[in-house]
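The values are calculated or read from the model by the stated rules, or taken from the named source; none is laboratory data. These numbers come from a predicted model, not from an experiment. Cβ placement follows ideal geometry from the backbone for every residue including glycine, while neighbour counts extend to all protein chains displayed.
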Amino acid sequence: MHKKFDSTQIEKKWQERWKESGIYTVGERDVTKPKEYVLVEWPYPSGNLHIGHWYAFAVPDIYARFKRMKGTQVLFPMGFDAFGLPAENAAIKRNLDPKAWTNDNIAYMREQLISMGCSFSWDKTANSTDADYYKWTQWMFTQFFERGIAYRGKGVVNWCPGCNTVIANEQVLTDGTCERSGDVVEKREMPQWMLKITEYADRLTDDLNALDWPEHIKEAQRQWIGRSRGAKIDFKLSTGDTVTVFTTRPDTLFGATYVVLAPEHPLLQNDKVRGETSNLTEVNNYITTAKQKDEQDRLDATKEKTGVKLEGITAINPASGEAIPVYVADYVLGGYGTGAIMAVPAHDERDYAFATKFGLPIKQVVVPCANDSKNPPQSGYEEVKRDTVIIHLRDKSTGKFALLNWHGTLEGITTAIMGGIEEGQTPEEAALAEIKEEAALDNVKIVHSLKWITAAKYCASHKKQNRCAHTYTFLGEVENLEQQGSIPEAENSLHTLVWVEKTQVLAKLTPDHQKQVWELLQKDTVLTGAGYLMNSGEFNGMDSDEAKEKIVAQVGGEMTSTYRIRDWSIGRQRYWGVPIPIVYSPEGVAHIVPKEHLPWVLPEDVDFKPTGVAPLAKSEALRKRTEEIFGVGWTPEVETMDTFVDSSWYFLRYLDNANPDSLSSLEAQKNWMPIDIYFGGAEHTTMHLLYSRFWQKALFDLGLVTETEPYRRRINRGLILGPDGNKMSKSKGNVIDPDAQVALVGSDTVKMYLAFMGPYEGSNYPFDLGGIAGLRRFLERAYGLRDHIIPNEPLTVTKQLHKTIAKVNTDIVEFKFNTAISAMMIFVNLAEKEGLTEETYRMFTRLLAPFAPHITEEIWTELGETTSIHLTEYPTANPELARDTEVVIGVQINGKLRGDITLSPNASEAEALNMVKENPVLRTRLEGITPNKVIYVPGKIINLILPT
RNA sequence: GCCGGGAUGGUGUAAUCGGUAGCCACGCAAGACUUAAAAUUUUGUGGGCGCAAGCCCGUGCGGGUUCAAGUCCCGCUCCCGGCACCA
């Protein structure tokens, strides 16, 4: 029965009682219990909680409450990430003090957060703008500075004209706009405060492996860090200078036919190089134009390659000893690798495009091996092994490759190639005829016109598993290619036969399947994969992987890694942030502000209107303070820190938030770290999540933290969309105000609705005003269940209760709150119809408590209890009762569903067959027929195969 | 282009060690209650044929494996997210 309740009154009452009794106060670590550190990303105090905050905090609260009732000591803190631009912009607009604005917002949002009824650990809160907090932010910075992790760098930075400040690479979106303001970001050259995240790139990549994070998040971080392994190789220039290139394919060194420098490359400013360049004006013009191009243009991969040759200058290929030309071209980036490449047009598409345009030689040095991970053995396909023959051809006129790929018999292709040519037949016709005959296929065609095939015979030997190596024999011409070192070309041929290779695939090949697989592929691409070397002197025939290191060693290069990630620029030319605790001596040397002068307080006498000049430069108080402490002529650093710095360590401060002597004691960390589960938004995957991992590692190296990784698990939630399915925005008028919803249906309902929409991880869901009403109805029915209490309930109800308990217990830990709620709904539907005992009602109410903390507390009291339901133990299912004693299984006849039978899940096949025979509907179908075969899966299905 | 994740009723979703597809909720339709509406409640609700029993079709598309496929395999299409002249 539906029983209305006054959610506003009930929720207010319980929120007050919880506050009075302090039941969510964590206090000291209780070592008799296991710990669970549940972290949600701390909010920016923008002034109002939006529905996204509810999704971010209230749903994880289910998990926190569940764990607490399970007997775990749960830390579930909440705080405020309160520095940043919105406060400053609001202050500019309304002419107020950012501090006052921020503090007002925090006070208001705290009340709103309390109205959510979440079990936050308010005794473990933090606020990044408290001097007690940012004192430590500053102190850590000084420690990093002393160890070279923080440094004053120079370089091209991202300048956001909207924010009037420098921003980090991570804050620039793919379309070149600012993550915060949406303005198009400009490139500017200026000195910058940087953190050496690049020095941690390897650890940040490697340590991902051990984390229990969703693979897609790890992968996104790996890509962002962008480690690629390769080699640095020196090329001597005719000027006597050396240019170091970075390549991931040192195995193709013999195929390097020219060298390219990025327009930013320092050698281009080298006097000797400039002196010997006969077309210097042209080169200079190119460099100037390239630098003026905006980032967008330059990164457009589809545009045609441009570049200019440095006339009069050559480089020596250290492997072949050949003199090769040197170019400057903007397809090589100054900021990646060494800013210079060796170009191998035969095996790199960009080099190929450039070489074709400028008429540069293309020299193939690797024969690709087609049998790679593309066709891994599939389970279930082991039975039949078939040989595969792949014929590689190269079109002489275009330099492009063709690939004939045939899954057939080895003998077939050999015959085809060797077989006699009948009168009037072209060689390819002869080959086709043979292939068709051998493989009994008829849809065979050659898409690439073969004028001649030089090969006649090959043999294959296997060097490695799943990889083939080749010994090649060319009829009448070459006995063994490995010895020969190059591929002979047949006269009069349009194509060079590049390779014939034998591999094996594990597959069942029916004639139909063969037809599918039987494709003659025309590959219009440059072959970029690994394989075996050719045209590479002593390395011919060597596997590319092996050749990489050997060639590098031979030419005195160095195996190394390079990264996509750049150092983190943290200086901001804005007011409302942590002042960088650096002062400059009269000579302009940077010194840290020592610990006794921390916090290095943000001055208040500042005109923070954005002019492009750092506002702190205008502070008289800061200037005076600096001179008083350090001496006349000393000047303060006037930049503040990126707010991502504040959030890089807040989870440590939560643990020990009143500690005046340390950012967070090691003891507190030993008690609580690492964070067991971190709930947050997908937008932080490559920003906050990466920065804070870096920060943690840097602290670890200083002995200030106990863990190398802060977050053991991570869940990225989705977005709550407007009812129209669009992202909520004021302009679209589709914003749902959580306060209004709470006033209407109560916070329990809003929370449960958000949890019910779908799995917590991943997807975005539209907010449906009808859907939320359904959850309110559910709670009213759960509340009204009391009127269905009977002295003795049917066994079905007891069993359903225990099944529900089992389901909810497993679903919560998998963050599948939606199916947990669905299970509880099923229980209420049944209990309403059948009635339930008071004992069952109590169990159910406790089961529901983490989801609907207020109304369950109310029910608990009405049942005569005087202590909080949230201090009770979470129900555990009785496995006996949760198990089904009878199941309905489907009956299939020849694989088609024809009815069902009800029986014990343990019933034997004979019993099941009897049930089928006794079933009035099914019986008629089986009259006088003995099935050929019976497939019976207890508890699942029975399938009878009848003779046809 | 590369990497990751998806596609199931009118909607959000459920069911993946292959075993009765559509649980739960929303919406919709009809009935009850009501002067009426709201609220509540009962029934129905993937599509098609049929009075019914029942039959056929159905999880983005095309094939395949299997007694049995939303689930596995091969080949596509589209959508979402990340990266992208990264050597």
Odd one out for residue A:781, checked against (1) near RNA strand B (Cβ under 7 Å from one of its atoms); (2) within 19 Å of residue A:826 (Cβ to Cβ); (3) in contact with a Leu (Cβ under 7 Å, 6 or more places away or on another chain): (3)
Residues satisfying the stated conditions in region A:723-755, i.e. farther than 20 Å from residue A:47 by Cβ and among the small types (Gly, Ala, Ser): A:725, A:746, A:755
Matching residues, region A:147-192, being under 26 Å from residue A:87 (Cα atoms), assigned to a loop (DSSP other than H, G, I, E, B) and out of contact with any Lys or Arg (no Cβ under 9 Å at 6 or more places or on another chain): A:161, A:173, A:176, A:179, A:180, A:181, A:182, A:183, A:185
Qualifying residue in region A:310-331 (condition: in a loop (DSSP other than H, G, I, E, B) and acidic (Asp, Glu)): yes
Considering residues of region A:602-643 that are of a type in the set (S, T, N, Q) and over 40 Å from the mean Cα position of the chain (by Cα) only, the residue modelled with the lowest pLDDT: A:619
Residue among A:120, A:141 that alone is out of contact with any Lys or Arg (no Cβ under 9 Å at 6 or more places or on another chain) and in a helix (DSSP H, G or I): A:141
Any hit, region A:812-829, residues being away from RNA strand B (no atom under 16 Å from the Cβ), more than 39 Å from the chain's Cα centre (by Cα) and assigned to a helix (DSSP H, G or I): no
Inter-residue pairs, beta-carbon under 6 Å, first surrounded by 24 or more Cβ atoms within 10 Å (Cβ to Cβ) and in region A:249-260, second of a type in the set (D, E, K, R), 6+ apart: A:250/A:548; A:251/A:548; A:255/A:363
Qualifying residue in region A:89-103 (condition: within 26 Å of residue A:682 (Cα to Cα) and among the hydrophobic types (A, V, I, L, M, F, W, C)): no
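Could you say whether any residue in region A:887-896 is more than 9 Å from RNA strand B (Cβ to nearest atom), loosely packed, with under 12 Cβ neighbours inside 10 Å and without any contact (Cβ under 8 Å) to a residue 40 or more places away in the chain?
no
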Boolean, residue A:170 is near RNA strand B (Cβ under 10 Å from one of its atoms), acidic (Asp, Glu) and more than 30 Å from residue A:89 (Cα to Cα): no
Some residue of region A:757-777 being touching a helix residue (DSSP H, G or I) at 6+ places or on another chain (Cβ under 6 Å), away from RNA strand B (no atom under 11 Å from the Cβ) and touching a residue at least 40 places away in the same chain (Cβ under 8 Å): no
Subset of region A:529-565 [surrounded by fewer than 20 Cβ atoms within 10 Å (Cβ to Cβ), at pLDDT 90 or above and part of a loop (DSSP other than H, G, I, E, B)]: A:555, A:556, A:563, A:564
Enumeration of residues in region A:316-339 that are of a type in the set (A, V, I, L, M) and near RNA strand B (Cβ under 7 Å from one of its atoms): A:332, A:333
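Restricting region A:920-941 to residues that are more than 10 Å from RNA strand B (Cβ to nearest atom) and not in a helix (DSSP H, G or I), which is surrounded by the most Cβ atoms within 10 Å (Cβ to Cβ)?
A:931
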Any hit, region A:286-301, residues being more than 9 Å from RNA strand B (Cβ to nearest atom), in contact with a Pro (Cβ under 6 Å, 6 or more places away or on another chain) and outside any helix (DSSP H, G or I): no
Residue in region A:26-48 that is assigned to a loop (DSSP other than H, G, I, E, B), of a type outside the set (Ser, Thr, Tyr) and within 16 Å of RNA strand B (Cβ to nearest atom) present: no
Residue in region A:796-805 that is part of a helix (DSSP H, G or I), closer than 12 Å to residue A:836 by Cβ, within 14 Å of RNA strand B (Cβ to nearest atom) and touching a Lys or Arg at 6+ places or on another chain (Cβ under 9 Å) present: no
Boolean, residue A:244 is touching a strand residue (DSSP E or B) at 6+ places or on another chain (Cβ under 8 Å), assigned to a helix (DSSP H, G or I) and within 15 Å of residue A:342 (Cα to Cα): no
So residue A:158, is it more than 20 Å from residue A:690 (Cα to Cα), crowded, with 16+ Cβ neighbours inside 10 Å and polar (S, T, N, Q): no
Complete set of residues in region A:341-366 that are assigned to a strand (DSSP E or B) and more than 7 Å from RNA strand B (Cβ to nearest atom): A:342, A:343, A:366
Hits in region A:753-790 (condition: of a type in the set (A, V, I, L, M, F, W, C), over 14 Å from residue A:818 (Cα atoms) and not in a helix (DSSP H, G or I)): A:767, A:789, A:790
Residue selected from region A:180-201 under the condition within 15 Å of RNA strand B (Cβ to nearest atom) and surrounded by fewer than 19 Cβ atoms within 10 Å (Cβ to Cβ), by the criterion modelled with the highest pLDDT: A:198
Matching residues in region A:898-911 - criterion: being within 16 Å of residue A:888 (Cβ to Cβ), within 13 Å of RNA strand B (Cβ to nearest atom) and touching a residue at least 24 places away in the same chain (Cβ under 8 Å): A:898, A:901, A:905
Tabulated pairs, region A:919-946, first touching a residue at least 24 places away in the same chain (Cβ under 8 Å), second polar (S, T, N, Q) and in a strand (DSSP E or B), C-beta under 6 angstrom, 6+ apart or interchain: A:943/A:892
Residue in region A:911-921 that is hydrophobic (A, V, I, L, M, F, W, C) and touching a Phe, Trp or Tyr at 6+ places or on another chain (Cβ under 9 Å) present: yes
